[in-house]
Amino acid sequence: MSEMLTVDVLLALPHKCWRRRIEIAPGTTAADAVRASGLDALCHEQCGQMPKIGVFGRKVGDDHVVQAGERLELYRELTADPRQRRRADVQARRERTRLQQARDDGSGD
């Protein structure tokens, strides 16, 4: 009989984070490990999609063979494009600065 491997599977949502420590057989793929944790169904229920998988912050394929001690992370789709969000933040700051300068210029009269 082969020795079992212990891995963690994590799912983080804005309001809650789940972590499951599971034992799997050597040679188990990332997709099989995620299914064994049950977090794939929870992710699909919460996010409406099947998750992408990563190990310690790096995306891996479903066929990645899991090693002992790895942390499998379930990634959900972004709700906003980070570039567009930064642009909107910069534009909002510029507008606030422009309004403040207009107020300052008008108060000295």
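Based on C-alpha pairs under 8 angstrom that are at least 6 apart in sequence, the chain has a relative contact order of 26 percent. Taking the chain as a Gaussian network of alpha-carbon nodes connected by springs under 10 Å, the highest mean-square fluctuation of the residues ARG96, ARG71, ARG58 belongs to ARG96.
Could you rank the peptides 24-34, 7-17 by their average count of other C-beta atoms within 10 Å per residue, with the highest value first?
Top to bottom by mean Cβ count within 10 Å: 24-34, 7-17.
Of the residues GLN91, LEU72, THR6, the one whose Cα sits farthest toward the positive end of the charge dipole of the chain, with +1 on the Cβ of Lys and Arg and -1 on the Cβ of Asp and Glu, is GLN91.
Report, in debye and to the nearest 20, how large the dipole of the chain comes out about its Cα centre when Lys and Arg carry +1 and Asp and Glu carry -1 on their Cβ.
Using Cβ point charges on Lys, Arg, Asp and Glu, the chain gives about 460 debye.
Helix content alone sets the calculated 222 nm mean residue ellipticity of the chain: runs of n ≥ 4 DSSP H residues at -39500 (n - 2.57) each, divided across all residues, give -13000 deg cm²/dmol. For the chain, how big is the tail of P(r) above 25 Å, as a whole percent of Cα pairs? Here the tail beyond 25 Å accounts for 43 percent of pairs. Within the chain, what is the longest stretch that has no GluC sites (Glu not before Pro) placed in a DSSP loop and near at most 14 other beta-carbon atoms within 10 Å? Result, exposed sites excluded: 4-76.
This model, with +1 at the C-beta of Lys and Arg and -1 at the C-beta of Asp and Glu, gives the stretch 63-105 a dipole about its Cα centre of some 380 debye.
Laboratory data are not the source of any read-out in this text; all were calculated from the coordinates shown. As the structure is a computational prediction, the values presented were derived from the model and not from experiment. All Cβ positions, even for glycine, are placed from backbone atoms using ideal geometry, and neighbour counts span all protein chains on display.
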